Amino acid sequence: MAMEAAVVWNQVMALLLNLKIWFMRQVLRLPPTPLFRPGKAGLGPSVKAETQKELAARAQATADAGDACVCVGIVGPGGVDQLQGRVGCWAVCGYNLMKEFGGSQRISAPLTAALLPPDMVVVGNKAFSVNYADICVRWGLYESALRYVGWPIVPGFDIAGEVEAAGAESGFSKGDRVFGCTLFGGYASRVVVPRRQLLRLPEGLSFETAAALPTIAATALHAVQLAGAWPSSLHLGSSRDALVHSAAGGVGDMLCQVLRLCGMRVVGVVGSKAKISSCKADVVIDKSSEDWAQSARRHAPGGFRAVFDANGVATLKQSYGLLGRNGRLIVYGFHSNLPKCDGGLGMLSPLSWLQMSLDLMRTPHFDPMFLTLDSKAVLGFNLSFFAEEHELLAQYFAQIGEWIASGKIKAPPVRSFGLDGVREAHNALTSGNSVGKMVVTF
């Protein structure tokens with residue numbers, strides 16, 4: 001009960017703080033704060049007018065000269081102007097390492113190989129991806145971020161770069177090219193990460209491409225494991241049909257690839273004609289030109305063995321209805337419960353909160369008695385709570401590394417941004433028009 005109260009409190013505070021920012025920007029018309037501000041957050045004053053691109057480059061140069069890192073943090077719930085760059089601390093870590101380094105994401109003292117815990121690695125980060133979870137963190141709607149870090153927070157899960165220092169038992173050496181996950185902290189140019197959360201970068205794979213892979217691959221693999229198709233397909237039963245929503249997005253793209261590797265026939269749903277060519281499903285449904293549910297039923301008259309749904313209220317009820325006997329509905333997001341923000345400051349207005357409240361009430365609930373009678377299952381997960389699942393994540397990373405190295409899975413289309421474009425990357429992702437992954441480079 002205490003944790004439930006904390007969840008309610010976190011959401012109430014997110015609502016109030018979002019509305020405060022909305023009032024400041026839309027009613028009082030106070031100008032948004034620039035991403036990098038001369039004379040602020042560790043960046044010296046300008047001697048001439050500078051663009052954000054020039055300021056981002058100067059921030060990186062300042063950090064390099066002073067053995068510090070550049071990071072982009074979220075100072076509180078709100079629009080993209082809550083993303084603010086700074087130069088200051090030596091490195092950043094994920095929430096699972098905060099106790100190790102004084103209770104903060106920001107590590108102030110330099111860590112040489114001799115000072116590092118034996119299984120830790122310092123990564124000079126070259127690229128990070130922007131996930132939809134980062135948008136939810138920025139809006140104050142991501143529970144693990146609120147529970148384990150609070151404000152301000154350096155978000156980000158995916159990193160790719162070079163090892164600067166490695167613990168004695170990490171298996172890495174200075175200069176190794178690596179990629180992997182951090183439990184927040186990816187929006188920083190230097191990150192401390194446990195060895196178990198890293199993989200070696202295969203030859204020929206760029207930092208930008210590698211940064212697009214870890215979170216979506218781990219999410220897809222866990223979802224497929226819940227569906228019973230990995231590590232063995234013996235539990236699938238007679239049906240081999242799977243339905244994937246948002247099949248041209250990052251996780252959707254990876255789901256299509258992993259499911260096909262596991263012997264499933266994949267029907268993918270995309271949101272527009274422009275996304276059809278990039279979709280890796282066996283059958284592609286364009287929901288902008290046809291009734292996706294009717295089309296899906298035609299392709300699997302006996303029902304689907306698994307449906308993978310991150311849409312939420314818009315599709316959950318129909319997704320459940322499309323399952324066959326012993327089918328599993330795998331839920332890993334609620335995108336349609338959240339507003340689209342195409343450009344601007346990407347804020348949640350009072351109308352947005354009202355719509356989210358109505359959508360929450362319309363979101364279907366699944367009665368255990370009917371689940372039993374229908375012989376169906378509904379399973380959900382959020383990988384950001386998996387900090388203690390060391391063995392499980394090790395299995396996932398080993399399999400992902402093998403598939404990437406052998407070329408069996410490939411990164412989705414990548415759209416790259418410079419550090420000064422991190423806000424633009426957020427807006428691109430919430431527009432509903434993006435394909436593949438948004439990646440930001442240092």
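The values are calculated or read from the model by the stated rules, or taken from the named source; none is laboratory data. Because the structure is a prediction, the values reported are computed rather than measured. Note: ideal-geometry Cβ built from the backbone for every residue, glycine included; neighbour counts use all protein chains shown.
Tell me, please, whether a residue that is closer than 17 Å to Leu146 by Cα, in contact with a Lys or Arg (Cβ under 8 Å, 6 or more places away or on another chain), surrounded by 15 or more Cβ atoms within 10 Å (Cβ to Cβ) and touching a residue at least 40 places away in the same chain (Cβ under 8 Å) can be found in the range 6-27.
Checked the range 6-27: at least one residue is closer than 17 Å to Leu146 by Cα, in contact with a Lys or Arg (Cβ under 8 Å, 6 or more places away or on another chain), surrounded by 15 or more Cβ atoms within 10 Å (Cβ to Cβ) and touching a residue at least 40 places away in the same chain (Cβ under 8 Å).
Under the condition of being under 24 Å from the mean Cα position of the chain (by Cα) and outside any strand (DSSP E or B), which residue from the range 90-99 is surrounded by the fewest Cβ atoms within 10 Å (Cβ to Cβ)?
Lys99
Considering only the range 334-349, how many residues are touching a Phe, Trp or Tyr at 6+ places or on another chain (Cβ under 7 Å) and either loosely packed, with under 12 Cβ neighbours inside 10 Å or of a type outside the set (A, V, I, L, M) (or both)?
2
Conditions (1) touching a Gly at 6+ places or on another chain (Cβ under 7 Å); (2) more than 26 Å from Lys340 (Cβ to Cβ), marked per residue:
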| site | (1), (2) |
| --- | --- |
| Gly263 | no, yes |
| Ala274 | no, no |
| Cys279 | yes, no |
| Trp292 | no, no |
| Phe304 | yes, yes |
| Asn311 | no, no |
| Tyr320 | no, no |
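Report yes if some residue within the range 273-289 is assigned to a loop (DSSP other than H, G, I, E, B), among the acidic types (Asp, Glu) and either touching a residue at least 12 places away in the same chain (Cβ under 8 Å) or farther than 24 Å from Pro77 by Cβ (or both); otherwise report no.
yes
Quick check, is Ser295 hydroxyl-bearing (Ser, Thr, Tyr), surrounded by fewer than 18 Cβ atoms within 10 Å (Cβ to Cβ) and modelled with pLDDT of 95 or more?
yes
Among helices (runs of 4 or more DSSP H) lying entirely in the range 107-211, which contain 1 or more residues that are under 22 Å from Glu388 (Cα atoms) and in contact with a Ser or Thr (Cβ under 9 Å, 6 or more places away or on another chain)?
Per the criteria, 132-139, 143-148.
Could you say which residue among Leu316, Leu338, Leu354 is over 14 Å from Leu226 (Cβ atoms) and in contact with a Pro (Cβ under 9 Å, 6 or more places away or on another chain)?
Selected residue: Leu316, the only one of Leu316, Leu338, Leu354 that is over 14 Å from Leu226 (Cβ atoms) and in contact with a Pro (Cβ under 9 Å, 6 or more places away or on another chain).
Filtering the range 60-89 down to residues that are buried (at least 19 other Cβ atoms within 10 Å of the Cβ) and over 25 Å from the mean Cα position of the chain (by Cα), which residue is farthest from Pro110 (Cα to Cα)?
Ala63
Mind listing whichever residues of the range 41-64 are over 16 Å from Asn125 (Cα atoms) and without any contact (Cβ under 8 Å) to a residue 24 or more places away in the chain?
Answer for the range 41-64, where residues must be over 16 Å from Asn125 (Cα atoms) and without any contact (Cβ under 8 Å) to a residue 24 or more places away in the chain: Gly44, Pro45, Ser46, Val47, Lys48, Ala49, Glu50, Glu54, Arg58.
Looking for whichever is surrounded by 15 or more Cβ atoms within 10 Å (Cβ to Cβ), assigned to a helix (DSSP H, G or I) and either out of contact with any Gly (no Cβ under 8 Å at 6 or more places or on another chain) or basic (Lys, Arg) (or both) here; the options are Ala428, Ala398. Which one fits?
Testing whether each residue is surrounded by 15 or more Cβ atoms within 10 Å (Cβ to Cβ), assigned to a helix (DSSP H, G or I) and either out of contact with any Gly (no Cβ under 8 Å at 6 or more places or on another chain) or basic (Lys, Arg) (or both) leaves just Ala428.
From the list Val163, Val130, which one is crowded, with 24+ Cβ neighbours inside 10 Å, at pLDDT 95 or above and of a type in the set (Val, Ile, Thr)?
Going through Val163, Val130 in turn, just one is crowded, with 24+ Cβ neighbours inside 10 Å, at pLDDT 95 or above and of a type in the set (Val, Ile, Thr): Val130.
Can you tell me which of Phe36, Phe101, Phe23 is under 21 Å from Ser349 (Cα atoms) and among the aromatic types (Phe, Trp, Tyr)?
Phe23
Condition check: modelled with pLDDT of 85 or more and part of a helix (DSSP H, G or I). Does Met13 satisfy that?
Answer is no for this residue.
Here is a check on your reading of the model: is Arg305 of a type in the set (D, E, K, R), touching a helix residue (DSSP H, G or I) at 6+ places or on another chain (Cβ under 7 Å) and not in a loop (DSSP other than H, G, I, E, B)?
yes
Give the number of residues within the range 354-391 that are assigned to a helix (DSSP H, G or I), more than 19 Å from the chain's Cα centre (by Cα) and either of a type in the set (Asp, Glu) or surrounded by 14 or more Cβ atoms within 10 Å (Cβ to Cβ) (or both).
6
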